[in-house]
1. In whole Hz, what ³J(HN,Hα) sequence does region 225-239 give by Karplus (6.51, -1.76, 1.60; θ = phi - 60°), x for Gly and Pro?
2. Classify region 205-333: rounded, prolate or oblate, from the alpha-carbon gyration tensor (a ≥ b ≥ c, eigenvalue square roots; a/c under 1.5 rounded; otherwise prolate if a/b is larger than b/c)?
3. To test your reading of the geometry: what angle, between 0 and 90 degrees and rounded to tens, separates the Cα axis of helix 116-128 from the longest principal axis of the chain?
4. Give me the percent of accessible area attributable to carbon and sulfur for the chain, probe 1.4 angstrom.
5. Just order 154-163, 42-51 by mean Cβ neighbour count inside 10 Å, highest at the front, would you?
6. Of the cross-linked pairs 45/80; 64/117; 34/64, which ones have a Cα-Cα span greater than 18 Å in the structure shown?
7. Using a 7 Å offset from the Cα along the Cα-to-Cβ direction at both residue 241 and residue 319, what is the distance between the two label points in nm, to one decimal?
8. Given +1 on the Cβ of Lys and Arg, -1 on the Cβ of Asp and Glu, and no further charges, what dipole in debye does the chain carry about its Cα centre, rounded to the nearest 20?
Amino acid sequence: MSSLSSINPAAPTSLDSALRPSRWDDYVGQKQVKANVRIAIDAAKKRGDMPEHILFYGPPGVGKTTLAHLVAAALESPLKSTSGVAIERAGDLAAILTNLEPNTVLFIDEIHRLSRKIEELLYPALESGHLDLILGKGPSARTVELALPPFTLLGATTRVAELSGPLRSRFGGGTYQLDFYSDNDLRDIVRRSARLLDLSMPADVIERIAARSRATPRVANALLKRVRDFSQVHERPLSAELCDEACELFGIDAKGLTKDDRRYLRTLLGSFRGGPSGVGALAAALHEDPDTVENVYEPYLLRLGFIERSPRGRILTPKGRSYLNGENLDAMF
């Protein structure tokens, strides 16, 4: 059975939820995406309709789920949340769609994990508001058309290329890419989260956490909480020195790279002479699966310019070599 949760955007249920922005003005970054989505919402409200379906894509932790909460709150609509991997059978999809309240926002995370069969069942639901189910088998099989209440689907994915063209075309409200965050935006996010956690956060600590956050708000908030815990356990005030000590313990260097990132770079240099290396061979050397290498290790290394993806494989750039040699870098920790 599929996993479906009902969320009240105004009622945080965990610490992470408490840090999640509940107002548009508190959502830092992604200005163009926000502007476009708010136009779609405001126009739909003026017509008395629900917005057309919207797709968000981008790296993990850059605010796709938060946008779903904000859309539901702006529409004063219930938010129902599930994931692509949880919808395994036609009955799962039918149960979700037929039990929606009118004017619900349905959020499907990792929507690229839907099977092609489920995608095809979803098409008429998105286009004309009905669901076609086949009951029975063989000559006695018959098609039943179920009318659905009005709803808006918000899809989120880290791998938009894996969505079929027909499914992508059903997102008439727009397909929006969420990108990595700037250091300035991350500083604002850390400052806001520290305030919500009632922490007295010196500016140099905010700077250090933002710089180590891999350009991702989720990482920034997670690191902030880990540094806070380190401070509380050692009964020492938050300071730049304490933050550096904590990050050294966590294995996070001044650029936000972890021991796994450094292992990737060292493997590419040591085992493949800096490349080019195919992702399969590199994954085998790292004892990881290729999906993990492509979607966990590489996005931030690509953003830093430490590696390149070429037709022949992965290549360690001069900048990546310089990093490994400790050149043109501040102290590692």
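The values are calculated or read from the model by the stated rules, or taken from the named source; none is laboratory data. Since the structure is predicted, the reported quantities are computational estimates derived from the model, not experimental observations. All Cβ positions, glycine included, derive from the backbone under ideal geometry; neighbour counts span all protein chains shown. Each accessible area value is taken on the protein alone, full model and side chains, heavy atoms only, with ligands, DNA and RNA left out. Shrake-Rupley method; radii C 1.70, N 1.55, O 1.52, S 1.80 Å.
1. 5, 5, 5, 4, 4, 4, 5, 5, 5, 8, 6, 10, x, 5, 8
2. Details: a/c = 2.52, a/b = 2.05, b/c = 1.23.
In terms of gyration-tensor shape, prolate.
3. On a 0 to 90 degree scale, this one is about 60.
4. Values: 7960 of 16470 Å².
Carbon with sulfur: 48 percent of the solvent-accessible area.
5. Numbers: 154-163: 19.5, 42-51: 13.7.
Those peptides, ordered most packed to least, come out 154-163, 42-51.
6. Working: 45/80 20 Å; 64/117 25 Å; 34/64 11 Å.
Checking Cα-Cα distances, 45/80; 64/117 exceed 18 Å.
7. 3.4 nm
8. Working: 43 positive and 42 negative charges, 95 e Å.
Once rounded to the nearest 20, the dipole reads 460 debye.
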